[in-house]
Structures are given as structure tokens and as C-alpha cells.
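The values are calculated or read from the model by the stated rules, or taken from the named source; none is laboratory data. This is a predicted model, so every value here is computed, not measured. Positions of Cβ are backbone-derived with ideal geometry, glycine not excepted, and every protein chain shown enters the neighbour counts.
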């Protein structure tokens, strides 16, 4: 197992450490609910240094990204970012990722930690365009400073006007004593804030200064468990749960990042799938009766027939109800449809709802 540069800091803070995507990661510190509430109402900090970063440079960098990704990267301006996914040539998804346009012919791809090697091999296999590729994953750390008080709490650490960084935009500038960090408004919680990309040897000092600056704002360290409840309340997909090699972007509700204005891996397949209509869809649901849905629980209709499976589920700390997502037959994937989640061999009533679960 690998450690992030902040491993000793997490242990000193009493974090419960667990193996995740090949790393020892903090799953929680004082508890999921308290950490979740800190991000929704104040400010919290995640160490997500396990994520992968690839730098693509050259006059054909855009062409390579266009080939492997579903979204139209030609629309990304310098200083902007875009969410996309990579189809696997069989109708499934290699990974979902964020593309940052750093310079005219330079892009930074941020990929899921569990898929770093797989993604690198996949993009490399399609790089017949002479694009220079650098895997920076082991050299860079990443902090997510999230919550409605993030701007106010962190402004003293930088000369960059944080309130002017719009969603899916970024600035390269000074932060907490480091000269060239990426300050990016691309969080995964739905509560605002920033992600800070810096070098490994800078992250400990940045972490300490962040907590010093945020002390009067109720800042807390946040683990992976609260990261999961926060993203699920927003209906954000998690790779390995809600999307994987067997789910298509259209089935997962990612048609909005699947643009047929250009050619890409699986474009023909996905175009036909869109025209024919998908046979299963990712839906969101709230439990009506008591019970917490978990990954891989079966979804039933009123007759007890299996119509799908749960991909993500939890007790929502913000809403105080159990929520989940899962795939069901398309004919049943409409809001307010009554479904049942099989919990301990019993069908427990739920209803399909529209995302997001959590509305500010």
C-alpha cells in the first residue's frame, strides 16, 4: 500500500485509516455525520492526493483527448476545466475524469486513483499522434477545501481573488507560501470551495496553514466516508459503483457529456444506443420505509421480481433519510415510481426521485 505525503498527519489526528485504491487513506476522523455537516455548513479539508494526474502536451494533445473522451474538449478555454468520460470500445466506461486546459497545447487530466495504470495504458494505446505524455501522479498532492465558508477562510492565504474563480475554472498562483499551485473550483461535494494541486514537498506546510487560517471558521479534516455521503446527496457518480466497464454513459445519465459533434471511441455504438433507447437507466431513490440500501442490494417491483440493483446507498446526514442510486429497467425509471429494495430478504418500500437529493 502507498501512503500520501500526509499519512503521518492523519495518524496524528486520530484518523481511521483504510486501504483504498492502493493507498492507506483516512476514512473518518471524529465521525461521518460531524464531518459531513462541517462541509455542508462551514469548511472541511480532504486529502485526495491519491488521485492521478497526466500532463498531455503538443499540437495534437486536443485531438487525442477528443478521440478518447466523450465530451467536446475543443470548447475548453485556457483556465477552464471540463468533466468527461472515456468509453472502453465495448459500450462501457474506462473512467470518468476532469480535463484542465493549462496552455494553448497543454492539458492536465485528473483521473480516479484506482484507474491510474489502466487509464495511462488506455490513453497511451490511442496516442498515435505524437503527444508528449507525463504521468505526474506520484509527484503531486491534492487537497479539497470544501464548504460555504471556504472562500472567506482561505482568502488570507493567497493574492488570488478566490471569489472570482467560477465553477470549473482555475488559476495558477501563490497559495499558503507555495508559489505555483492550481487553485480549482472543481469540487465533488456540492458545497463550493476549491481543490489545491501542489507538489508533494509543499503539501504539509499548506495543510498546516490551511487549518490555521480556517480555525475560527470551524474547519475540520474530512475522511472518505463523508466524501461519499456528500457526493451521493448530489447524485454524483462514483467509478466502480455507479459507473464501470459494463455501464454506458447514456445508461448512467451522462448524455450531457456525450457529444456526437465529433468522432471518438464508441461514438457509433453510443449513437445507435441513443437512437434505439437504453434498456436500463441509473435512477435515484429515497426510502419510504425504514432501511438503508447498500451497494449490490437487489431492486424489486411490487410483485417481488428483480428489476435492477443498488449501486450506491447511505443514510443521508443532511436529509435524515436513506437514499440511493441504482440501475433499473428503463420502463420503470420515472419519478415517483414505487420500488422495493431487498434488505435482509424483505422488500422495503422506496420511491424514485429526481436528482439532486440535497438542494441548497
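Could you please let me know if residue 113 is in contact with a strand residue (DSSP E or B) (Cβ under 8 Å, 6 or more places away or on another chain) and within 21 Å of residue 253 (Cα to Cα)? Working first, answer last.
Numbers: in contact with a strand residue (DSSP E or B) (Cβ under 8 Å, 6 or more places away or on another chain): yes; within 21 Å of residue 253 (Cα to Cα): no.
In short, no.
Scan segment 28-36 and give yes if some residue there is within 22 Å of residue 182 (Cβ to Cβ) and touching a helix residue (DSSP H, G or I) at 6+ places or on another chain (Cβ under 6 Å), otherwise no. Don't jump to the end; show me each part of the working.
Kept after step one, since they are within 22 Å of residue 182 (Cβ to Cβ), are these residues of segment 28-36: none.
Within segment 28-36, none of the residues are within 22 Å of residue 182 (Cβ to Cβ) and touching a helix residue (DSSP H, G or I) at 6+ places or on another chain (Cβ under 6 Å).
With respect to residue 252, determine if the residue is in contact (Cβ under 8 Å) with a residue 40 or more places away in the chain, assigned to a helix (DSSP H, G or I) and closer than 27 Å to residue 295 by Cα.
Numbers: in contact (Cβ under 8 Å) with a residue 40 or more places away in the chain: yes; assigned to a helix (DSSP H, G or I): no; closer than 27 Å to residue 295 by Cα: yes.
Taking the combined requirement at face value, the residue does not satisfy it.
Restricting to segment 217-238, what's the tally of residues that are in a helix (DSSP H, G or I) and touching a residue at least 60 places away in the same chain (Cβ under 8 Å)?
11
Restricting to segment 27-41, name every residue that is in a loop (DSSP other than H, G, I, E, B), surrounded by fewer than 20 Cβ atoms within 10 Å (Cβ to Cβ) and touching a residue at least 12 places away in the same chain (Cβ under 8 Å).
Kept after step one, since they are in a loop (DSSP other than H, G, I, E, B), are these residues of segment 27-41: 29-31.
Then keep just the ones that are surrounded by fewer than 20 Cβ atoms within 10 Å (Cβ to Cβ); that gives 30-31.
Result: 30, single match.
Of the conditions (1) surrounded by fewer than 17 Cβ atoms within 10 Å (Cβ to Cβ); (2) in a helix (DSSP H, G or I); (3) touching a helix residue (DSSP H, G or I) at 6+ places or on another chain (Cβ under 9 Å), residue 213 satisfies every one except a single condition; which number is it?
(1)
Per-residue answers, yes or no, for (1) surrounded by fewer than 21 Cβ atoms within 10 Å (Cβ to Cβ); (2) in the same structural domain as residue 296 (by TED's automatic domain parsing); (3) assigned to a strand (DSSP E or B); (4) within 21 Å of the chain's Cα centre (by Cα):
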{"site": "312", "(1), (2), (3), (4)": "no, yes, yes, yes"}
{"site": "317", "(1), (2), (3), (4)": "yes, yes, no, yes"}
{"site": "324", "(1), (2), (3), (4)": "no, yes, yes, yes"}
{"site": "327", "(1), (2), (3), (4)": "no, yes, yes, yes"}
{"site": "331", "(1), (2), (3), (4)": "yes, yes, no, no"}
{"site": "334", "(1), (2), (3), (4)": "yes, yes, no, no"}
{"site": "341", "(1), (2), (3), (4)": "no, yes, yes, no"}
{"site": "348", "(1), (2), (3), (4)": "yes, yes, yes, no"}
{"site": "360", "(1), (2), (3), (4)": "yes, no, no, yes"}
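Out of segment 163-193, which residues are assigned to a strand (DSSP E or B) and either touching a residue at least 40 places away in the same chain (Cβ under 8 Å) or closer than 24 Å to residue 82 by Cβ (or both)? Give the steps one after another, and end with the answer.
Pass one, segment 163-193, residues assigned to a strand (DSSP E or B): 169-175, 178-184, 193.
If the condition is that a residue be assigned to a strand (DSSP E or B) and either touching a residue at least 40 places away in the same chain (Cβ under 8 Å) or closer than 24 Å to residue 82 by Cβ (or both), then 169, 170, 171, 172, 173, 175, 180, 181, 182, 183, 184, 193 are the ones that fit.
Given 57, 75, which one is touching a residue at least 12 places away in the same chain (Cβ under 8 Å) and more than 18 Å from residue 143 (Cα to Cα)?
Among 57, 75, only 57 is touching a residue at least 12 places away in the same chain (Cβ under 8 Å) and more than 18 Å from residue 143 (Cα to Cα).
Please find, among 88, 71, the residue that is modelled with pLDDT of 95 or more, crowded, with 17+ Cβ neighbours inside 10 Å and in contact with a helix residue (DSSP H, G or I) (Cβ under 7 Å, 6 or more places away or on another chain). Before you say what the answer is, go through the steps one by one.
Working: 88 fails: in contact with a helix residue (DSSP H, G or I) (Cβ under 7 Å, 6 or more places away or on another chain).
Result of the check over 88, 71: 71.
For segment 47-162, which helices (runs of 4 or more DSSP H) that fit wholly inside it have 2 or more residues that are outside the structural domain of residue 244 (by TED's automatic domain parsing) and under 30 Å from residue 24 (Cβ atoms)? Can you show your working first?
Details: elements: 61-68, 116-125, 150-154.
Counting at least 2 such residues, we get 116-125, 150-154.
When you scan segment 171-188, do you find a residue that is within 23 Å of residue 231 (Cα to Cα), in contact with a strand residue (DSSP E or B) (Cβ under 9 Å, 6 or more places away or on another chain) and surrounded by fewer than 16 Cβ atoms within 10 Å (Cβ to Cβ), even just one? Can you show your working first?
Let us first name the residues in segment 171-188 that are within 23 Å of residue 231 (Cα to Cα), namely 182-188.
Of the ones still in play, those that are also in contact with a strand residue (DSSP E or B) (Cβ under 9 Å, 6 or more places away or on another chain) are 182-188.
Narrowing further to those that are surrounded by fewer than 16 Cβ atoms within 10 Å (Cβ to Cβ): none.
Taking every residue of segment 171-188 in turn, none turns out to be within 23 Å of residue 231 (Cα to Cα), in contact with a strand residue (DSSP E or B) (Cβ under 9 Å, 6 or more places away or on another chain) and surrounded by fewer than 16 Cβ atoms within 10 Å (Cβ to Cβ).
Kindly list the number of the only condition in (1) out of contact with any strand residue (DSSP E or B) (no Cβ under 9 Å at 6 or more places or on another chain); (2) modelled with pLDDT under 95 that fails for residue 41.
Single failed check for residue 41: (2).
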